[in-house]
Amino acid sequence: MLKRREILPAIGLVPALLWGRRARAADPAGFVRQVGDQLVGVINGPGSMTDKRGQIRQIIDRFVDVDGIGRFCLGRFWRLATPAQQHDYLTLFHQVLVTSISGHLGEYKGVRYTLGRVAPHDDTVWVDTTIFRPNNPEAKVQWVIATINGSLKIEDLVVEGTSLRLTQRSDYASFLQHNGDNVQALIDAMQRTLTKGS
């Protein structure tokens, strides 16, 4: 449960055109550079892991559509959840996301990246990046950017052709299928994962 590819692991380190109805008249490439530079600064900078986790949380809060991703990952089961379960799930989803990313920071020391092609894709914009890590092969990561309530947000990462939110959605659906479509069972499992990792 939650081990195959926990949500957005390590975030892949992770000119104004008409991009579509949700991402128009903005600069997605500049947005990705801003987020990427902040992430690289945290990973390669000084400070304890606790300090870095707090900085990562701030970046996620500001730049990632956490609630939207969380609802997407739960899929049809979102409508089956009670309002209290929806609240608890999104709270835990946020914590799992931060914990997952923070848990991989050490693997990315010395990371750098380059920007590539920027292209509209349905109602989002995809920004290509190449991630370079010492002693590791380069990785191709596409940032899926959408405009949410007037602000650019990260909606997904596609790492070497694999959508991380689709992967997580599949994992959740599989878990729920084997647990009687019980959303509370998923919430309890998420809580156990966080407790075990703390």
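The values are calculated or read from the model by the stated rules, or taken from the named source; none is laboratory data. Computed from a prediction, not measured in an experiment: that's the story for all the values here. Because the Cβ atoms are built from the backbone with ideal geometry, glycine has one as well, and the counts that use them run over all protein chains shown. Ligands, DNA and RNA are stripped out before the accessible areas are found, and what is left, the full protein with its side chains, is counted by its heavy atoms. Shrake-Rupley method; radii C 1.70, N 1.55, O 1.52, S 1.80 Å.
Observations on the structure shown:
- Percent carbon-and-sulfur accessible area, the chain, ignoring ligands, DNA and RNA, probe 1.4 Å: 50 percent
- Summarising the label geometry, the points placed 7 Å from Cα in the beta-carbon direction at S151 and T82 lie 3.2 nm from one another.
- Cα extents for the chain along the principal axes, largest to smallest and rounded to whole angstrom: 47, 41, 27.
- Annotation: peptides 174-187, 148-161, ranked by per-residue average of other Cβ atoms within 10 Å with the highest first, follow the order 148-161, 174-187.
- Annotation: per residue accessible area for the chain equals 50 Å², rounded to a whole number [probe 1.4 Å, protein chains only].
- Taking N as its residue count, the alpha carbon Rg of region 106-163 over 2.2 N^0.38 Å: 1.24
- Reachable aspartates and glutamates, given that their alpha-carbon falls under 16 Å from the alpha-carbon of K140 and they are not under 8 places away in the same chain: D128, D156, E160
- Extension gain, T195 back to H178 (0.36 nm per residue minus Cα-Cα distance, nm): 3.9 nm
- Modelled spin-label separation between F132 and T114, with each label point placed 7 Å from Cα along the Cα-to-Cβ direction: 0.7 nm.
- Unit charges on C-beta of K, R, D, E only; dipole of region 124-171, Debye: 100 debye
- Dipole of the chain, positive direction: furthest Cα of Q177, T114, I69, with charges on the beta-carbon: T114
- In straight-distance terms, cross-link reach from K109 covers every one of the aspartates and glutamates whose alpha-carbon lies under 15 Å from its own, apart from those fewer than eight places away in the same chain; here that gives D37, E138.
- Whole-Hz couplings from phi, Karplus 6.51/-1.76/1.60, listed for region 158-165; x for Gly and Pro: 10, 9, 6, x, 10, 6, 6, 6
- The Kirkwood hydrodynamic radius of region 143-188, based on inverse pair distances between different Cα atoms, is 12.4 Å.
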